[in-house]
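Chemist: Quick one: the structure is below, questions incoming.
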6 protein chains.
Amino acid sequence: MAIVQITLVRGRSPEQKAAIAAAINAAMVNIAGSPADHINIVFHEIERDNWAIAGQMLPDYVRNTGKG
Amino acid sequence: MAIVQITLVRGRSPEQKAAIAAAINAAMVNIAGSPADHINIVFHEIERDNWAIAGQMLPDYVRNTGKG
Amino acid sequence: MAIVQITLVRGRSPEQKAAIAAAINAAMVNIAGSPADHINIVFHEIERDNWAIAGQMLPDYVRNTGKG
Amino acid sequence: MAIVQITLVRGRSPEQKAAIAAAINAAMVNIAGSPADHINIVFHEIERDNWAIAGQMLPDYVRNTGKG
Amino acid sequence: MAIVQITLVRGRSPEQKAAIAAAINAAMVNIAGSPADHINIVFHEIERDNWAIAGQMLPDYVRNTGKG
Amino acid sequence: MAIVQITLVRGRSPEQKAAIAAAINAAMVNIAGSPADHINIVFHEIERDNWAIAGQMLPDYVRNTGKG
């Protein structure tokens, strides 16, 4: 039994999310031994103006630091 | 004091969500003894292409397994 | 498919938690139409000194307000 | 290292959210000693008909109690 | 930027958790293009009597269904 | 109404957590206009070997990078 909640900035394609889910599921099955039918993976897509690092909303953080 | 976060596939009606909230609140008040005014219940509605089971996004999982 | 995460103060008995889980599961099956085998309910038990309301940790909040 | 997830009713302005993030970040840096570059703050904005208190969806709760 | 929260039953070894984290991180970097230094992965380990499926606490669910 | 969930490495004192809660509560009241009695702040304290950055569990990440 496993619940994997992925919080990330909106903008990945359905193909990217499907590939991420497949890779995480494989890790949970092969390493943790979780039964596949009970592995739930959920993506929470967040707008860039709802995420802050170092106290700066992402658009500002990226502009100010060049990271991200 | 209780926080109940319900992550589910988008698509329930306001009436369904209100009935679920009422039932969960009743359980928390009657069984756990939580004070009703401090029971927060939040629904996080997820698109079907943001949820995977067994490493397959839900539309694929349902088509492949007949479940769901 | 549903994930129900219940964050509550530590201190309920196994029997109370089992009864809460059964009641929530029944609501999700009967009202939301979720398949029971894909309803995961998880309790996160929190120590009283890790929870604040109105900016006061719970032991203080309860003492100051008489609530809780 | 800190992750701060803020679940709140939709409706705050970008300026309000930026100010909240800055204040929380300052608290985490100054009080907890977390390194700023590893403090992630995420806002989850919830529609009013996805949030219940005391078993009543927020529009009903506010109308019935005058709170909120 | 990504936050991956893994809720699972307690009982994996440090080596298993390290291997899961490495695999998930690789997926997030290679598929999602997230910068590694901003990928936080957190394990929430849950006791078996704090997790229910189909309304039954895990020890009961496993005994009754043979799954898990 | 607001729920603030703070996930951080275990090790802060009760006084630090109380001061963080007070600061966050003040921000939510003063900036967001949330009613104090409905602001729940919860700390989830995580062991260092349950948190990874850049795919390395925290003790390794700190040793390898000097950060943290």
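Chemist: Looking at segment A:26-65 only, could you name the residues that are farther than 19 Å from D:P14 by Cβ, in a helix (DSSP H, G or I) and of a type outside the set (V, I, T)?
Modeler: Once the filter is applied, which keeps residues that are farther than 19 Å from D:P14 by Cβ, in a helix (DSSP H, G or I) and of a type outside the set (V, I, T), segment A:26-65 yields A:A26, A:A27, A:M28, A:N30, A:A32, A:A36, A:D37, A:H38.
Chemist: Further question on the same structure: Is it the case that F:E15 is within 14 Å of chain E (Cβ to nearest Cβ) and more than 19 Å from E:D37 (Cβ to Cβ)?
Modeler: Details: within 14 Å of chain E (Cβ to nearest Cβ): no; more than 19 Å from E:D37 (Cβ to Cβ): yes.
In short, no.
Chemist: Which condition from (1) modelled with pLDDT under 95; (2) under 27 Å from F:G66 (Cβ atoms) is the one that E:K67 breaks?
Modeler: (2)
Chemist: Looking only at segment C:12-34, how many residues end up being modelled with pLDDT under 95 and open to solvent by 40 Å² or more (accessible area, probe 1.4 Å)?
Modeler: The number of residues fulfilling the criteria is 1.
Chemist: Give segment D:22-33 a look and list any residue that's within 7 Å of another protein chain (Cβ to nearest Cβ) and not aliphatic (A, V, I, L, M), or say none.
Modeler: D:N25
Chemist: Take the residues in segment C:38-68 that are over 19 Å from the mean Cα position of the chain (by Cα) and open to solvent by 40 Å² or more (accessible area, probe 1.4 Å); name whichever of them is farthest from the other protein chains (Cβ to nearest Cβ).
Modeler: Step by step, filter segment C:38-68, then rank; the result is C:R63.
The values are calculated or read from the model by the stated rules, or taken from the named source; none is laboratory data. What you see is a predicted model; the values in this text were computed from it and never measured. Heads up, the Cβs are rebuilt from the backbone with ideal geometry, glycines too, and the neighbour counts pull from every protein chain shown. Note: areas computed on protein heavy atoms with side chains; ligands, DNA, RNA excluded. Shrake-Rupley method; radii C 1.70, N 1.55, O 1.52, S 1.80 Å.
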